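Have a look at the structure below before the remarks.
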Amino acid sequence: DGINLITGLPAGSVLQVVQTFKSDAFSSTDDGFFDITGLSVAITPSSSSNKVLVISDLAIGSSDLYSYNHGFKVLRDSTDVGISTAGSTNFSGGVNMYLSAGNIPYLFGTMKMFLDSPSTTSATTYKVQGTKISASGTFYLNRKGVDTSIGGASSITVMEVAG
């Protein structure tokens, strides 16, 4: 544990916080990973030795219970960050909403956080991408599938942390 020579603050101090809050709905029928419109945030670290704490929180819905594998990942500019390396398709988090009966599933509050080391003082953009894992149906954000009676909210928050 030391002192950040630029700010004079102890290592681990939060230097800035930036958030993008998304309250409107989004949907996609695309296969593979797709950008979630309006769920990105930019931050400019003050030192290349500082880290960025990334918190993504998604309210995910689906058009039906047979479109069950919905996931998301975070990218720093065009590089995947904070994702698994355990599978053939890797992401930060997701939901499996397959059930034998019922319809219009949703899971509001799919949150992940990780500490990134961007090693830069340039403006850096973090964004969230979603995926249906090539399933049929529709990926929804901030709504309960085709049912518009229940809405959720999503966000991506980044915090610069002194190194």
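The values are calculated or read from the model by the stated rules, or taken from the named source; none is laboratory data. Bear in mind the structure is a predicted one, so any value in this text is a computation, not a measurement. For neighbour counting, all protein chains shown are included, and Cβ atoms are generated from backbone atoms with ideal geometry for every residue, glycine included. With ligands, DNA and RNA removed, areas are computed over all heavy atoms of the protein, side chains included. Shrake-Rupley method; radii C 1.70, N 1.55, O 1.52, S 1.80 Å.
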Scan of the stretch 34-85 for residues that are free of Cβ contacts under 8 Å to residues at least 12 places away in the same chain and either aromatic (Phe, Trp, Tyr) or in a strand (DSSP E or B) (or both), ordered by number:
THR37, THR79, ASP80
As an exercise: evaluate VAL161 against (1) surrounded by fewer than 14 Cβ atoms within 10 Å (Cβ to Cβ); (2) at pLDDT 95 or above; (3) aliphatic (A, V, I, L, M) and give the number of the one condition it does not meet.
(1)
Can you name every residue in the stretch 21-33 that is assigned to a strand (DSSP E or B) and of a type in the set (A, V, I, L, M, F, W, C)?
PHE21, PHE26, PHE33
Which one is most open to solvent (accessible area, probe 1.4 Å), of the residues in the stretch 86-105 that are in a strand (DSSP E or B) and either at pLDDT 65 or above or touching a His at 6+ places or on another chain (Cβ under 7 Å) (or both)?
GLY94
Of everything in the stretch 10-30 that's under 18 Å from the mean Cα position of the chain (by Cα) and not polar (S, T, N, Q), which residue is most open to solvent (accessible area, probe 1.4 Å)?
PHE21
Which of (1) open to solvent by 50 Å² or more (accessible area, probe 1.4 Å); (2) aliphatic (A, V, I, L, M); (3) in contact with a Phe, Trp or Tyr (Cβ under 6 Å, 6 or more places away or on another chain); (4) at pLDDT 90 or above is the odd one out, the single condition ALA42 does not satisfy?
(3)
Identify, please: which residue in the stretch 116-134 is modelled with pLDDT under 90 and surrounded by fewer than 20 Cβ atoms within 10 Å (Cβ to Cβ) and is, among those, nearest to the chain's Cα centre (by Cα)?
ILE133
Hey, GLY109 in a strand (DSSP E or B), open to solvent by 30 Å² or more (accessible area, probe 1.4 Å) and modelled with pLDDT under 95 or not
yes
I'd like to check something: does the stretch 72-84 contain any residue that is touching a His at 6+ places or on another chain (Cβ under 8 Å), more than 23 Å from ALA162 (Cβ to Cβ), open to solvent by less than 70 Å² (accessible area, probe 1.4 Å) and modelled with pLDDT under 95?
no
